[in-house]
Amino acid sequence: MLRRFLAFPSRPKTAPTVSAAVRCLSSGSVDITVPLNFWAGRRRTSQESREKENVYEPATGHVLCQLEPCGREEVDQAVKAAKSAFGPWSKMSGMERARIMIEAAHLIESRREEIAEMEVVNNGKSITEARLDVDSARLCIEYYAGLASTLAGQHVQLPGGSFAYTRREPLGVCVGIGAWNYPFQIAAWKSAPALACGNAMVYKPSPVTPVTAVLLAEIYAKAGAPEGLFNVVQGGQETGSLLCHHPDVDKVSFTGSVPTGQKIMEMASKGVKPVTLELGGKSPLIIFKDSDLENAVRGALMANFLSQGQVCSNGTRVYVQKDVLAEFVEEVVKRTQAIAIGDPLLESTRMGALVSRPQLDKVLSFVEQAKKEGATVLCGGERFVPSDPKLKSGYYMTPCVLSDCTDDMTCVRDEIFGPVMSVLSFETEQEVLQRANNTTLGLAAGVFTRDVTRAHRVVEQLKAGSCFINNYNITPVEVPFGGFKMSGIGRENGQVTVEFYSQLKTVFVEMGDVDSLF
Ligand SMILES: NC(=O)c1ccc[n+]([C@@H]2O[C@H](COP(=O)([O-])OP(=O)(O)OC[C@H]3O[C@@H](n4cnc5c(N)ncnc54)[C@H](O)[C@@H]3O)[C@@H](O)[C@H]2O)c1
Ligand SMILES: C[N+](C)(C)CCCC=O
């Protein structure tokens, strides 16, 4: 397998450039030494001498690169670059912006495999899933390119021939702050609507997965975006906080945990800046006895084990009607045990490595806690060491199904963010609805039933932003995605998102004389 990229076999450690080299890519063979910050049109090294942090390859535990966190100076430079790109970009017509975005989408398509491989190397998810994430990123950019030329205001007739009109205008410099579970996709889901509306963006990826956002920056630049339109600054909470407080930042769009989301909202409130918050979930999946059980089992697996279970919208509280519980559990366990765990770059792998050692330890400790609280482990929940020696220090675990769960258990109440499904039984619709909604979170929910009336009745009562009937965890970019309650504010994807990246200006036009009271 030959690749052109910023990824290199670890030995010899030559200083790579983007255009250099064609090498083989396999787990454990990649070192990244190119700078991962990007502003004003090119990659940048951090100028401030601050401590670098190791970034690991989840599949092997090998050090992939060193993160150079950006400080005040670099954040300033990136925001300044975005501000100067905002001028010409915001003056372009929607069609002109769309042309550049479509070119970016083509570039993503042509580099699909390379981007997916780098996502795998940095995140640990299987190559099969990473390709779908890259596709989702591309589709999102195509979708908002299509909407860019439709952004328009309204004309309102007033007395005496006077009138008013509204203009939909961009906000300015938007900041995007992302989580580590969908690094490339999140960068695209934030930048595509922002840019389509005429904004510029400074994006900060998670320090755990800094590698692929900078590829998106290069792609936008190559597609013809003005220098500084999409910038990447690396770092953790300090860098994020500098961005949120920056006086020239007009909006913050955040994806991550609830506690960080609360801090982001607090920081943004100092400058009365709008926020989009895509936060955590603990979503219910309800399986009625009249379900097509084959589809319900498939849905439960999709609701729990994508991306090693590290998915915000996962339906981790699986409520199964008592009459079909035994049959459902038997099938779910059989299929969970058959999931091929291992080298995420292999086509045959269905579950790769969790993102980091601390995340793996945290998920395993949730399983231990569940046992202590009386849950039964039907399968998995243990560290997994693949037979390939190069993977022995990777962050793998066996996907876990817990039964005999009750609503008060930690595994049922807290977001685990790992491959752990909690199965609960219920008897009546009314009972399950009350239990499903008994949480402070409300990102997603699902229902499996053949009764169409019941499906809509139940969905109407579920307090969640994304509800699935007879499927789970599909997120076409044409439809809005986001949470109720503490799962967030605002939406990503769909037409409505232009409202979160633009503002309305009302213009009154007097056609007669000023009717003065004085
Ligand atoms: N709703 C969604 O669309 C969605 C999608 C993916 C992940 N998530 C959620 O994200 C969480 C997992 O991701 P995570 O561990 O990366 O979340 P996190 O909250 O720890 O970090 C998210 C981002 O915020 C940054 N950050 C941390 N502290 C900050 C601060 N004080 N100021 C500014 N930035 C700060 C981090 O560096 C990172 O880039 C889960 O709760 C998951 O449900 C939600
Ligand atoms: C594409 N998925 C799997 C629905 C992920 C949505 C983003 C949340 O983590």
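Each reported figure results from applying straightforward, stated rules to the coordinates on display, with no laboratory input. Computed from a predicted model, the values in this text were never measured in an experiment. All Cβ positions, glycine included, derive from the backbone under ideal geometry; neighbour counts span all protein chains shown.
Take the alpha carbon atoms of the stretch 91-196, find their radius of gyration, then divide it by 2.2 N^0.38 Å using N residues; give the quotient.
With N residues counted in the stretch 91-196, Rg over 2.2 N^0.38 Å equals 1.40.
Between the alpha-carbon centers of the stretch 479-501 and the stretch 368-394, tell me the distance in whole angstrom.
About 35 Å separates the Cα centre of the stretch 479-501 from the one of the stretch 368-394.
Using unit Cβ charges (K, R positive; D, E negative) and no other charged atoms, how large, in debye to the nearest 20, is the dipole of the chain about its Cα centre?
I would put it at about 980 debye.
How about the stretch 175-226: which chymotrypsin sites (Phe, Trp or Tyr not before Pro) there are in a DSSP loop, with at most 10 other Cβ atoms within 10 Å of their Cβ?
none
Students often get this wrong, so check it: of 125/392; 190/463; 83/251; 289/371; 52/270; 52/125, which have C-alpha atoms separated by over 23 Å? Walk me through the numbers before you get to the answer.
Numbers: 125/392 16 Å; 190/463 25 Å; 83/251 13 Å; 289/371 28 Å; 52/270 30 Å; 52/125 25 Å.
Beyond 23 Å between Cα atoms: 190/463; 289/371; 52/270; 52/125.
Assuming 0.692 mPa s and 37 °C, estimate D for the stretch 17-164 with Stokes-Einstein, Rh taken as the Kirkwood radius over Cα pairs, in µm²/s.
After rounding, the answer is 174 µm²/s.
About its Cα centre, what dipole magnitude does the stretch 372-518 give when the only charges are +1 on Lys and Arg Cβ and -1 on Asp and Glu Cβ, stated in debye to the nearest 20?
Charge dipole of the stretch 372-518: 600 debye, to the nearest 20.
For the stretch 411-518, state the semi-axes of the equivalent ellipsoid (square roots of 5 times the eigenvalues of the alpha-carbon gyration tensor), sorted largest first and rounded to whole angstrom. Show your work: numbers first, answer last.
Numbers: eigenvalues 361, 56, 45 Å².
Here the semi-axes work out to 42, 17, 15 Å.
Ignoring solvent entirely, what values of log10 I(q)/I(0) come out of the Debye formula for the stretch 37-279 at 0.07, 0.11, 0.12, 0.16 Å⁻¹ when each Cα is a single scatterer?
The calculated log intensity ratios at q = 0.07, 0.11, 0.12, 0.16 Å⁻¹ are -0.23, -0.55, -0.65, -1.13.
Under 1.5 on a/c is rounded, so check that first for the stretch 38-106, then, if it is not, pick prolate when a/b is larger than b/c and oblate when it is not; a ≥ b ≥ c are the square roots of the alpha carbon gyration tensor eigenvalues.
Since a/c reaches 1.5 but b/c is at least a/b, the shape of the stretch 38-106 is classed as oblate.
Just to confirm a number: summing +1 for Lys and Arg and -1 for Asp and Glu over residues other than residue 369 whose beta-carbon lies under 12 angstrom from that of residue 369, what do you get?
+1
I need the shape label for the chain. Rule: rounded when a/c is under 1.5, else prolate if a/b > b/c, else oblate, with a, b, c from the alpha carbon gyration tensor. Display every interim value, and only then the final one.
Working: a/c = 2.03, a/b = 1.20, b/c = 1.68.
It comes out oblate by the Cα gyration axes.
In which sequence would 219, 186 go, from the one with the fewest C-beta neighbours within 10 Å to the one with the most?
With the sparsest Cβ surroundings first, the list reads 219, 186.
Neighbour counts of other C-beta atoms within 10 Å: give me 266, 51, 169, 278 arranged from fewest to most.
Going from least to most buried by this count: 51, 266, 169, 278.
Need one number: the % of Cα-Cα pairs in the stretch 284-487 sitting beyond the 29 Å mark.
Within the stretch 284-487, distances greater than 29 Å cover 21 percent of Cα pairs.
How far, in nm, would the chain grow between residue 427 and residue 33 when pulled straight, counting 0.36 nm per residue and subtracting the alpha carbon separation?
Residue separation times 0.36 nm, minus the Cα-Cα distance, leaves 136.1 nm.
Between the stretch 416-458 and the stretch 57-121, how far is it from one alpha carbon centroid to the other, in angstrom?
38 Å
Please give me the summed charge of the neighbours of residue 504: other residues whose Cβ is under 14 Å from its Cβ, Lys and Arg +1, Asp and Glu -1.
Summing Lys/Arg as +1 and Asp/Glu as -1 gives +1.
Kindly put 384, 518 in sequence by how many other C-beta atoms sit within 10 Å of each C-beta, fewest to most.
By the 10 Å Cβ count, ascending: 518, 384.
Could I have the simple spin-label model distance between residue 327 and residue 440, label points 7 Å from Cα toward Cβ, reported in nm to one decimal?
For residue 327 paired with residue 440, the spin-label model returns 4.0 nm.
Roughly speaking, what is the centre-to-centre gap between the stretch 178-235 and the stretch 293-360 when only Cα atoms are used, to the nearest Å?
30 Å
Explain nothing, just compute: Karplus ³J(HN,Hα) = 6.51 cos²θ - 1.76 cosθ + 1.60, θ = phi - 60°, for every residue of the stretch 506-515 in order, whole Hz, x for Gly and Pro.
Computed from phi, the couplings for the stretch 506-515 are 9, 10, 9, 10, 8, 9, x, 9, 6, 8 Hz.
Output wanted: per-residue J couplings in Hz (rounded whole) for the stretch 400-410, from phi through Karplus 6.51 cos²θ - 1.76 cosθ + 1.60, θ = phi - 60°, x for Gly and Pro.
Residue by residue, the stretch 400-410 yields 10, 10, 10, 10, 6, 7, 10, 4, 8, 6, 4 Hz.
Given R₀ = 60 Å, FRET efficiency for residue 362-residue 514 by Cβ-Cβ distance, to 0.05?
Numbers: r = 66 Å, r/R0 = 1.11.
My answer for the efficiency is 0.35.
For residue 252, what is the net charge nearby, where nearby means another residue's Cβ is under 12 Å from its Cβ and Lys, Arg count +1, Asp, Glu -1?
+3
Regarding the stretch 331-395, what whole-number volume in Å³ per residue does the convex hull of its Cα atoms give?
Dividing the Cα hull volume of the stretch 331-395 by its residue count gives 90 Å³.
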